[in-house]
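Encoded as structure tokens, the structure appears first; notes follow it.
Every read-out reported here was derived from the displayed coordinates using simple, explicitly stated rules and does not represent laboratory data. Every value quoted in this text rests on a predicted model; they were computed, and no experiment measured them. A quick note on method: Cβ atoms are made from the backbone with ideal geometry, for glycine too, and the neighbour counts reach across all protein chains shown.
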Amino acid sequence: MKGAERLAAGAITAVVLAPLVLPGYVLRYDMVFVPKQPLTAELFAPADALPRAVPLDALVSLANLAVPGWALQRLVLAAIVYFAALGMARLVPTQRTLPRLVGALAYAWTPFLAERLLLGQWGLLLAYAALPWIVKAALDLRTAPNRLPALGRLVLAAAPAAVTPTGGLIALATVAVLLPIRAGLIAIAGTAALCAPWLVATATSTAGGTSDPEGVAAFAARGENWSGALGALAGTGGIWNAQTVPGSRSSVLAPFATAILLVLAAAGWRTLRSRWPDGSVRLAVLAAGSFVLAAASIGPGARVMEWLVVNVPGAGLLRDSQKFLIPYAVLVALLAALGAEVLADRLAVRLDANAGRVVLVAALLLPVAILPDLAFGAAGQLRPVRYPAEWDTVAAQVKAAPGEVLSLPFHGYQRYAWNRGVIVRDPAPRYLDAPVLINDELQVGTVTVDGESPRAAEARRLLDAGEPVAALGTRWVLVREEPGVAVPPSVLTGLRPVFTGPNLALWENPSATATPATTHRQWPAVVAHLFAALVVIFAAILVLRRRPTAW
């Protein structure tokens, strides 16, 4: 049975990520891998921005010391899809292979995974892949005769989720809800310890903890077809960015397919209750809470959310509320697998065994029928490209004479001809071994969501006035070629051209000022990273002290 589960997970991974056999990098929105990302103190504790990618970026840089960026990207994306499928297959409480495979496909072939993959949020998808394993480990901890190895497995399962603040919160909530208070305190503490890097980085950041309320509407869940936002959420879709929604989600038939999946899930509830008497209710509470939170930014909940992001530090994390839908997706896939098993058994009794197998095969193919364009890299949208050689030239120049870099045009996200016109976050902060100043405002349709960096705000003021950016005092100014966008010559006054290519130009500022040292503020975050690493090592020791369990 385990061989079939691994084979199915591998097949799903191969079909979803097929274009990644081509050389290069998949660059989409937030997904920016580079040949070798520098390891800097800024990755442990961003100076004037909230730590949305802490400790994720530091882990990427550490991994890049041994693995090149192109290989690391493929390993990470393959692990996400593979372990999401395998984790759900192992979680389904049945000894039969086909229902487990139904669960695997129902979880690893969803609108949520497709949309977040197209948005490039692979860090969040690590939490998506980890959650079935977290649920399994938490349920095992409730009944384990020896708690220490079970606790170690739970902490190890939660570790991939905790590499982002959102994933860490989801892991914490899962552990807190699934475990009784007495048994859960140590597990909650262990999971919270994994979140120490981004918690400490938040506490030491100079960025304001509050957020622009305009972001609530901009990042709210949205409808993808006639069923509206709630219908999209029910099918695990509803992402705020319409450009990352697979075309099949706009079909008039999509809501009917979602309804079939939910009916199948409803049929599995009684079976889940009988096999997990207490755990099923706790998981249902967690899933219901995640759905309510995902829908909180639409309707009357939007006003409450706006108040929170303005008045409660850190509440801006809730703006893109659809991302918290992961526990709901786990429950739907789990119940759909059991529902298919129940219906198959009933038909096998009333008709024959072949009728039951037909139901299971149909349930197995239902997610693919709902979302056929996830196959082959979301219908080719996950096709790798190569960075122009100029990026290496500029990186070498900046490394030879370190100093802060201002990246222009001052857009955090940009289209490049060499990236087939796909929008991607500015690669400069990851490609260049230097502090890079980029625009932290976000344009969503006609809405501009304010950023947090005072230095970026000063750069915007100079650029809006057409004044020379040399006044900022950065050592370098990088100009990236963007179709239809030009940098006014007036803003480059006083700069000396160092390199000019078809895609990049590098200018040096003779009046540059020294970049202020910030190590005094960043060492607590570095210590927090080391502490979290020690927690993971200790958890691994607890697991290795005894023979591993079957899962």
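Some observations on this one:
- Normalised by the number of residues in the chain, the mean separation of alpha-carbon contacts (under 8 Å, six or more apart) gives a relative contact order of 21 percent.
- Here's the list of lysines a cross-link from K399 could span, going by alpha-carbon distance under 20 Å and ignoring same-chain residues fewer than 8 apart: K36.
- Amide proton proximity set for S407, modelled H, under 5 Å, gap of 5+: L437, L478
- Based on Cα contacts under 8 Å between residues 6+ apart, the range 316-399 shows a relative contact order of 15 percent.
- Axis angle, to the nearest 10 degrees, between helix 326-350 and the longest C-alpha principal axis of the chain: 30 degrees.
- Residues Y328, Y387, Y413, Y107 in ascending order of nearby Cβ atoms (within 10 Å, fewest first): Y413, Y387, Y328, Y107.
- Extent of the range 146-201 along its three principal axes (Cα atoms, max minus min coordinate, largest first): 34, 19, 15 Å.
- Shown in residue order for the range 389-400 are the 3J(HN,Hα) couplings computed by the Karplus curve 6.51 cos²θ - 1.76 cosθ + 1.60 at θ = phi - 60°: 4, 4, 4, 5, 4, 5, 4, 5, 5, 5, 5, 5 Hz (x for Gly and Pro).
- Listed candidates (i) 1.12; (ii) 1.07; (iii) 1.00 - label of the one calculated as Cα Rg over 2.2 N^0.38 Å: (iii)
- The slack between V21 and A457, meaning 0.36 nm per residue of separation minus the straight C-alpha distance, is 152.8 nm.
- Rounded to 10°, Cα long-axis angle of helix 254-267 versus longest principal axis of the chain: 50
- Measuring between their Cα centroids, the range 276-348 and the range 22-61 lie 29 Å from each other.
- Counted over the chain, the DSSP beta bridges are approximately 70% antiparallel.
- Packing-based order for 484-493, 80-89, using average beta carbon neighbours within 10 Å, highest first: 80-89, 484-493
- Using alpha-carbon coordinates, inclination of helix 181-194 to the longest axis of the chain, degrees: 30
- Multiplying each eigenvalue of the alpha-carbon gyration tensor of the range 404-508 by 5 and taking the square root yields semi-axes of 19, 18, 13 Å, largest first, rounded to whole angstroms.
- Relative contact order of the range 404-508, pairs being alpha-carbon contacts under 8 Å that are 6 or more residues apart, as %: 28
- Of all beta bridges that DSSP places with both ends in the range 404-508, some 75 percent have antiparallel geometry.
- Helical runs assigned H by DSSP (4 residues or longer) give the chain a calculated mean residue ellipticity at 222 nm of -17500 deg cm²/dmol, each run adding -39500 (n - 2.57) before division by the residue total.
- Listed by chain and number, the lysines whose alpha-carbon sits under 22 Å from that of K323, ignoring those within fewer than 8 places in the same chain, are K136.
- Burial order of peptide ranges 41-48, 140-147 (average beta-carbon count within 10 Å, highest first): 41-48, 140-147
- Computed extension length for A79-A11: 23.2 nm, one decimal, from 0.36 nm per residue of separation with the Cα-Cα distance subtracted.
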